[in-house]
Amino acid sequence: MSERRIGIVMNGVTGRMGLRQHLERSIVAIREQGGIQAADGTMIIPDPILVGRNELKLRRIAETYGLSRWTTDVAEALAEPDVEIYFDSQLTQLREKGVRAAVEAGKAIYCEKPIADSLEAAVDLARLVRDSGLKNGVVQDKLSLPGLRKLKRLVDGGFFGKILSVRGEFGYWVFEGDWQEAQRPSWNYKSEEGGGIIVDMFCHWRYVLDQIFGEVKSVYCQGATHLPARWDEQGNEYAATADDAAYGVFELEGGIVAQLNSSWTTRVFRDELVEFQVDGTEGSAVAGLRNCRVQHRSATPKPVWNPDIPATENFREQWATVPDNETFDNGFKVQWEMFLRHIVDDAPWSWDFVEGVKGVQLAELGLQSWREGRKLEVPALDLGAK
């Protein structure tokens with residue numbers, strides 16, 4: 001069987017997301033399974049070149065995963081003759097420079113979100129990429145989660161009837177770093193370094209809401225920095241200048257109201273780290289990362305409010321589990337495989353830089369809403385003529 005090896009410049013693999021989700025669980029996993037099959041039967045084999053700022057970390061990562069190519073020089077990596085794709089999972093402030101270099105080198109581009117640290121910069125990048133004619137994509141991993149894929153299946157099948165509302169809870173307690181090590185890097189809590197949960201999660205919520213339930217039409221956001229002091233990786237105390245919690249209300253197309261809470265300062269009392277409850281005229285569903293449960297109108301019980309006696313019903317037992325009906329793979333890996341087929345076979349791909357701009361737009365509007373204490377409309381994007 002013939003092979004097609006595709007060189008991929010992977011910039012930012014020394015970071016947690018770039019290393020674990022994109023390199024280890026996606027690209028290395030695809031290589032270990034022998035690649036993925038193209039339409040003509042050819043096996044597509046990704047061949048990564050690791051790029052980062054720390055030479056020692058790069059060498060260790062390459063040795064761990066049996067890879068031979070790494071460099072601290074992006075231009076050197078982009079100049080390799082077999083390179084077809086540039087991937088970026090750096091800090092957001094560094095992303096624009098990398099993407100522009102990839103465009104100049106004529107490479108397809110796939111990158112993490114946010115695609116830029118401001119809406120203006122994101123629009124400029126999207127225009128640049130669009131006008132270059134290069135294939136491009138932005139990671140939208142939540143859409144490939146088993147729980148949300150089951151939820152999308154319910155929406156597409158008409159299970160809910162008219163959808164009325166969506167309620168989402170995301171988050172967990174991120175330790176401050178003094179008496180227990182923090183699970184997230186310190187830059188997440190520094191606005192001057194691109195941190196903040198609104199910038200992080202509103203980019204996710206935009207594509208989840210838009211592509212599963214309906215286009216976002218307005219946003220009201222209340223942010224908070226609940227923990228003003230944290231400790232960094234060297235054990236030094238620092239002032240947390242970025243928001244660590246966000247409480248958002250979104251109006252969607254069709255009159256759907258979505259309420260989404262995002263927090264790194266909450267302790268988990270739910271089945272999964274993120275859960276969405278969708279209520280409709282014909283039924284409701286609760287979906288997490290992997291599982292999804294439903295309650296149809298015909299099976300809805302009739303509770304009566306009586307605070308004077310203990311609850312006599314086990315409400316969780318009144319819901320049915322949605323079956324898998326398919327084998328679910330890692331969401332990041334699924335999207336990598338789709339993007340590789342897009343490159344080789346021109347297979348359908350809808351998550352381009354314009355979708356990335358929408359996420360940055362909603363994050364900026366969320367921050368503005370918080371500052372001004374008011375609901376804001378989400379205007380249509382204008383990227384200008386090609």
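The values are calculated or read from the model by the stated rules, or taken from the named source; none is laboratory data. Only a predicted model underlies this, so the values are computations on that prediction, with no experimental measurement involved. Here the Cβ is made from the backbone with ideal geometry for all residues, glycine too, and neighbour counts use every protein chain on show.
L125 passes all but one of (1) of a type outside the set (D, E, K, R); (2) surrounded by 22 or more Cβ atoms within 10 Å (Cβ to Cβ); (3) more than 24 Å from I198 (Cα to Cα); which number fails? Going through (1) of a type outside the set (D, E, K, R); (2) surrounded by 22 or more Cβ atoms within 10 Å (Cβ to Cβ); (3) more than 24 Å from I198 (Cα to Cα) one by one, L125 breaks only (3).
Might you let me know whether region 150-169 holds any residue that is under 27 Å from A246 (Cα atoms), among the acidic types (D, E) and surrounded by fewer than 20 Cβ atoms within 10 Å (Cβ to Cβ)? So far as region 150-169 goes, no, none of its residues is under 27 Å from A246 (Cα atoms), among the acidic types (D, E) and surrounded by fewer than 20 Cβ atoms within 10 Å (Cβ to Cβ).
All conditions in (1) out of contact with any Cys (no Cβ under 7 Å at 6 or more places or on another chain); (2) at pLDDT 95 or above hold for V99, with the sole exception of (1). Residues that are closer than 30 Å to G196 by Cβ and not small (G, A, S) do occur in region 61-69. Taking region 329-386 as the range and being surrounded by 13 or more Cβ atoms within 10 Å (Cβ to Cβ) and touching a His at 6+ places or on another chain (Cβ under 8 Å) as the test, the residues that pass are F332, W336, W349, G359. Note on region 259-283: among residues that are of a type in the set (A, V, I, L, M, F, W, C) and more than 18 Å from the chain's Cα centre (by Cα), the one that is nearest to V174 (Cα to Cα) is V268.
Could we say that A380 is closer than 20 Å to K135 by Cα and more than 18 Å from the chain's Cα centre (by Cα) here? Considered against the rule, which asks whether it is closer than 20 Å to K135 by Cα and more than 18 Å from the chain's Cα centre (by Cα), A380 comes out as no.
The lone criterion from (1) farther than 23 Å from K107 by Cα; (2) part of a loop (DSSP other than H, G, I, E, B); (3) not hydrophobic (A, V, I, L, M, F, W, C) left unmet by R53 is number (1). Beta carbons closer than 8 Å, at least 6 apart along the sequence or on distinct chains, pair a first residue in region 226-254 that is among the hydroxyl-bearing types (S, T, Y) with a second that is in a loop (DSSP other than H, G, I, E, B) for Y238/K190; Y238/D232; T241/K190; T241/G195; T241/T225. Test G7 against the criterion of being within 17 Å of Y110 (Cβ to Cβ) and in the same structural domain as R95 (by TED's automatic domain parsing), and give yes or no. So G7 fits the description; yes.
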